[in-house]
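Working notes for the structure below.
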């Protein structure tokens, strides 16, 4: 396998899914954590000749990727833009037609008549 092939494979692993996916900080950090975890487990196995509990190492190695995905999910639920290049659709403003209210119209007419009567008395 050539260097270009290895570079392409690493880019595919570390970038977001889809054509032209961008490099994911969560995947890069998780990969570095995974390499550190493999180094630590190998060192423990070579010194003690026993396999340690791998639960903590697996949680520690995948924490950055998990944090990135939780952040993306929270933004999706809050309708916040995931990134600046992704425009979010805006809800359409729909104006509801105003229905006439007979009681309100009668009250307005009575108030207008009373105001006109009061105005006539003052003149």
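Below are the figures for this structure:
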| read-out | value |
| --- | --- |
| Fewest-first ranking of 71, 2, 15, using other Cβ atoms within 10 Å as the exposure measure | 2, 71, 15 |
| Residue 42 paired with residue 15, simple spin-label distance in nm, labels 7 Å along Cα-to-beta-carbon | 2.8 |
| Fewest-first sequence of 72, 48 by Cβ atoms within 10 Å of each Cβ | 48, 72 |
| 47, 27 arranged by Cβ crowding within 10 Å, fewest neighbours leading | 47, 27 |
| √(5λ) per eigenvalue of the Cα gyration tensor, the stretch 25-86, largest first, Å | 34, 11, 4 |
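Taken together, the values in this text are just the output of simple stated rules run on the coordinates, not laboratory data. All figures in this text were calculated on a predicted structure; none of them were measured in a lab. Glycine also receives a Cβ, built like all others from the backbone with ideal geometry; neighbour counts cover every protein chain displayed.
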